[in-house]
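Trainee: Shown below is the structure under consideration.
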Amino acid sequence: MEKRRKGTTIFLINQILWTTITNKMQKVRAKKSLGQHFLKDLGVAQKIAETINPVITDTRFPVLEIGPGMGVLTQFLLQNPAISLTAIELDRESVAYLKEWYPELNLIEGDFLKLDLNNVFPSGQFGVIGNYPYNISSQIFFKVLEYKDRIPVCSGMIQKEVAERIASKPGKKAYGILSVLLQAWYDIEYLFTVDENVFNPPPKVKSAVVRLRRNSRQSLGCDERLFKTVVKTAFNQRRKQLRNSLHELISDEAKVESYLTKRPEQLSVEEFINLTKLLEPCQN
Ligand code: SAH
């Protein structure tokens with residue numbers, strides 16, 4: 001009991017110090033174009049930083065933080081001895097701030113979307129974490145997919161709506177391209193919802209924290225490029241039956257008969273894979 005009270009007191013002092021410091025200090029001016037909404041609640045920041053813990057087993061496991069901003073998550077990640085942290089930040093003002101306050105941080109100034117991850121992590125596995133810039137969250141996930149065999153875990157905060165989309169099961173309105181492409185390779189957990197008033201400035205949307213863990217799939221057993229094309233083409237006309245939306249990809253209707261009258265949201269990941277397998281020979 002005594003111990004817990006001490007922990008709470010220390011935490012409260014930290015929160016007060018953090019608020020005072022970030023209020024007094026030359027703060028980074030939030031820029032809309034960079035999706036900057038700085039988290040001001042240390043409790044939430046700590047919870048997000050801990051989302052990666054259950055997946056990392058090694059000590060000094062390489063982790064990349066995308067968009068550290070003023071370092072609210074970074075401070076907890078740096079304290080974690082199981083993590084070897086690298087961060088990438090696009091905003092020059094944030095970079096100057098981080099260099100001053102976290103000189104020990106291995107920081108890259110640049111755009112995550114343009115970053116060659118093979119340069120940063122020449123071999124082995126690495127995790128990805130962040131309170132992500134919401135304007136590019138889908139693109140971040142597409143990039144994670146490109147490195148799926150090297151990224152066993154990706155967790156962090158995104159718009160609630162995107163979180164619902166990627167975690168959605170078939171049959172739901174939110175089920176779409178990102179759900180299928182990500183769930184083919186990752187198990188996705190919707191961890192918790194975050195209110196807009198813990199940010200400065202508050203975003204217009206609600207937020208949520210998710211965790212993607214690489215599943216055991218080694219290959220799709222079908223052409224991966226065709227799989228992506230099938231998923232994207234089907235969902236681009238999501239109200240249509242597959243017979244119509246995929247007609248350019250179907251050369252022999254008899255082979256895919258059971259799929260023809262379905263709509264994309266009715267198909268599980270496995271069914272999309274099977275459908276692709278059936279379409280494959282038709283491509284040659
Ligand atoms: N993690 C911080 C900031 C979140 S706001 C916090 O929780 O308070 C998103 C951050 O991503 C901003 O700092 C923004 O400058 C940065 N950012 C935006 N686009 C980026 C990109 N393409 N690559 C790297 N960082 C980016």
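Here, each number is a calculation from the coordinates, and none is a lab measurement. Computed from a predicted structure; not experimentally measured. Glycine gets a Cβ as well: all are built from the backbone with ideal geometry, and neighbour counts include every protein chain shown.
Trainee: Pull out the extension gain between SER216 and GLU146, defined as 0.36 nm times the separation in residues minus the alpha carbon to alpha carbon distance; nm, one decimal.
Mentor: Here the answer is 23.6 nm.
Trainee: In the P(r) worked out for the chain, what percent of Cα pairs fall beyond 36 Å?
Mentor: Cα-Cα pairs in the chain separated by more than 36 Å: 24 percent.
Trainee: Over 24 Å between C-alpha atoms is what I'm after, so list which of LYS40/LYS99; LYS40/LYS206; LYS204/LYS228; LYS173/LYS232 land there.
Mentor: LYS204/LYS228
Trainee: Quickly work out the ALA254-to-ASN106 label distance, labels modelled 7 Å from Cα along the C-beta direction, and quote it in nm with one decimal.
Mentor: 5.9
Trainee: Between GLU196 and PHE11, take the C-beta separation as r, use R0 = 25 Å, and let me know the FRET efficiency to the nearest 0.05.
Mentor: Efficiency, rounded to the nearest 0.05: 0.65.
Trainee: Can you compute the charge dipole magnitude of the chain about its Cα centre, using +1 on each Lys and Arg Cβ and -1 on each Asp and Glu Cβ, nothing else charged? Give it in debye, rounded to the nearest 20.
Mentor: Its charge dipole is roughly 800 debye.
Trainee: Compute the Rg to Rh ratio over segment 35-173 from the alpha carbon atoms, using the Kirkwood formula for Rh, and round to two decimal places.
Mentor: 0.94
Trainee: Once you keep just the Cα pairs under 8 angstrom separated by 6 or more residues, what percentage relative contact order results for the chain?
Mentor: 15
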